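The values are calculated or read from the model by the stated rules, or taken from the named source; none is laboratory data. Because the structure is predicted, anything quoted here is derived from the model rather than measured. Glycine also receives a Cβ, built like all others from the backbone with ideal geometry; neighbour counts cover every protein chain displayed.
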Amino acid sequence: MDKTARSKNDKQETRRLQQLLLPFLGALSSMRVTLLDLVFRIGFTGITTLLEQERTMLVGTRYKHNAKRAYTRAGHDQEGELVLGGRKVKFPRPRVRTVNDANGKSVEVPLEAWEAFSKEDPLTERALEQMLVGVTTRKYARSLEDLPNEISSHSTSKSSVSRRFVEATTDTLATLMSASIAELDIYALMLDGKVVGGHTVIAALGIDREGNKHPLGVWEGATENAEVCKSLLTNLVERGLPTNRSLLFVIDGGKAIAKAVRDVFGKRALIQRCQVHKRRNVLEHLPEVQRTSVGATISTAYRCRDPERALQLLKKLARYLEKKHPGAAASLREGMEETLTVLRIGLPETLERILASTNIIENLNGTMKRVSRNVKNWQDGTMALRWFAAAMAEAQKGFRRLKGYQGMKILIAALRAHDDAIDGRNEKSTAGLAQVMKAA
């Protein structure tokens, strides 16, 4: 058969299939509920068969005498509950009991299949997932698949869903705040605060030698004060964060976190103040007409990649602002040199920009804002911590290694050089960190 004939036959076959399929495709939308009913019924039949098979394995074939049997059927099946698609459904539970002992007593024997299908873990996981994607407790039942009319279900009420969500997020928070971090090999730590329902939550995010991000913990306080930050850091130390070697701490512009870091880690802490926070804090002290030009000058200083030139530009700007806007000048001078720490290390540009700000934690804050957008009443600080821990777990699903992570070896070498200077193994002081890095 030549090409033309084959092509003609193919077209005819295609048209014939289309004519056969079109009526079926048009009816699919009206058949959806019926198909779903069928799936559920097949599933229930399969569960019934599986349960009866397990019971038969224990007690033997019905109506067949066996003098050695250890188990027996226990009368009529009882109505029980199984977990299905985020709710509980009524289902007949096959009963098995042990054969009467010498005292005429027997005990109920649970079937392994029933125990597995009735566990509430999937129910709790479904409630957590639905809430995190934005389903409210009142609309939870509407978000589930429809069941056949003859199947009754429950555990979809507002209170039931709320209770399971509280249980799930309580476990998430407990796991986050108790997990060991000794094996994570953390070299950089980001700390930032966010106000949630009148409570300030401090979040900690660690970065390991391969550039992987790890949520480490959250702490709550009425304000972002040094004691709250110190409590979080102490918790991290107790769980394995090293204090005998230097770490890079990337923090927001607040004095409280900087003080807490120094109190806990002393000279082992290299502090990088967030450049984004610094720029924002300075501009808040200025009238609208001056914000564009001053903001551009600050950005130019941070992007020049020369720490000494950047420092001179910032000092010059502070002198310019001193007379007319002393508040802006003071804000710029506060912790100015600590905004240039990563520039002095000499990291690759991509990694340098990432570690010069707390934007990674700002992304966590964005996740928190998204998943908790339906919350109208923040009852207490524990509730804020539970939601934030759940948001961190949700954000972690999309974590990727830092861009420019190959430069982490340069950061590690800088931290070791810093330790050498502190311990007297290197004559160069920590102020000469850039020169130490060039030598390394």
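Points to keep in mind about this one:
- Of all the numbered requirements in (1) touching a strand residue (DSSP E or B) at 6+ places or on another chain (Cβ under 7 Å); (2) surrounded by 21 or more Cβ atoms within 10 Å (Cβ to Cβ); (3) free of Cβ contacts under 8 Å to residues at least 60 places away in the same chain, Phe165 misses one, and that requirement is (1).
- From the list Ala434, Ala390, the lone residue that is of a type outside the set (Phe, Trp, Tyr) and modelled with pLDDT under 90 is Ala434.
- Pairs with Cβ under 8 Å, 6+ apart, first in the stretch 89-108 and surrounded by 10 or more Cβ atoms within 10 Å (Cβ to Cβ), second among the aromatic types (Phe, Trp, Tyr) and outside any loop (DSSP other than H, G, I, E, B): Phe91/Phe44; Arg93/Trp114; Pro94/Trp114; Val96/Tyr71; Arg97/Tyr71; Thr98/Tyr71; Val99/Tyr71
Here's the yes/no breakdown for (1) more than 20 Å from Leu216 (Cβ to Cβ); (2) modelled with pLDDT of 90 or more; (3) in contact with a strand residue (DSSP E or B) (Cβ under 8 Å, 6 or more places away or on another chain):
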residue: Glu352; (1), (2), (3): yes, yes, no
residue: Thr358; (1), (2), (3): no, yes, yes
residue: Glu362; (1), (2), (3): no, no, yes
residue: Arg370; (1), (2), (3): yes, no, no
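- Residue within the stretch 175-183 that is in the same structural domain as Leu123 (by TED's automatic domain parsing) and either touching a Leu at 6+ places or on another chain (Cβ under 6 Å) or not in a helix (DSSP H, G or I) (or both) present: no
- Residue list for the stretch 195-211, restricted to those being touching a helix residue (DSSP H, G or I) at 6+ places or on another chain (Cβ under 8 Å), surrounded by fewer than 22 Cβ atoms within 10 Å (Cβ to Cβ) and of a type outside the set (Ser, Thr, Tyr): Gly197, His199, Gly206, Asp208, Arg209, Glu210, Gly211
- The number of residues in the stretch 201-250 being without any contact (Cβ under 8 Å) to a residue 60 or more places away in the chain and in contact with a Lys or Arg (Cβ under 7 Å, 6 or more places away or on another chain) comes to 2.
- Tally of residues being more than 16 Å from Met190 (Cα to Cα) and surrounded by fewer than 22 Cβ atoms within 10 Å (Cβ to Cβ) across the stretch 387-397: 3
- Residue that is modelled with pLDDT under 85 and more than 30 Å from the chain's Cα centre (by Cα), where the choices are Ser153, Ser143, Ser118: Ser153
- Residue in the stretch 234-251 that is more than 27 Å from Gly404 (Cα to Cα), surrounded by fewer than 22 Cβ atoms within 10 Å (Cβ to Cβ) and among the aliphatic types (A, V, I, L, M) present: yes
- Sole residue being over 30 Å from Gly198 (Cβ atoms), buried (at least 17 other Cβ atoms within 10 Å of the Cβ), outside the structural domain of Lys158 (by TED's automatic domain parsing) and charged (D, E, K, R), chosen from Glu322, Glu352: Glu352
- Pair list, Cβ < 9 Å and 6+ apart or interchain, from the stretch 364-376 residues that are free of Cβ contacts under 8 Å to residues at least 12 places away in the same chain and more than 11 Å from Val133 (Cα to Cα) to residues that are of a type outside the set (Phe, Trp, Tyr) and not in a loop (DSSP other than H, G, I, E, B): Gly366/Ala395; Lys369/Lys194; Lys369/Ala391
- Selection within the stretch 264-301 - under 18 Å from Asp192 (Cβ atoms), touching a helix residue (DSSP H, G or I) at 6+ places or on another chain (Cβ under 7 Å) and of a type outside the set (Val, Ile, Thr): Ala269, Leu270, Gln272, Arg273, Gln275, Lys278, Arg279, Asn281
- Remark: Arg280 matches the filter, which requires a residue to be surrounded by fewer than 18 Cβ atoms within 10 Å (Cβ to Cβ), assigned by TED's automatic domain parsing to the domain that holds Met392, farther than 25 Å from Gly407 by Cα and of a type outside the set (Gly, Ala, Ser).
- All of Arg69, Arg62, Arg126 fail the test of being in a helix (DSSP H, G or I) and either at pLDDT 75 or above or not β-branched (Val, Ile, Thr) (or both), apart from Arg126.
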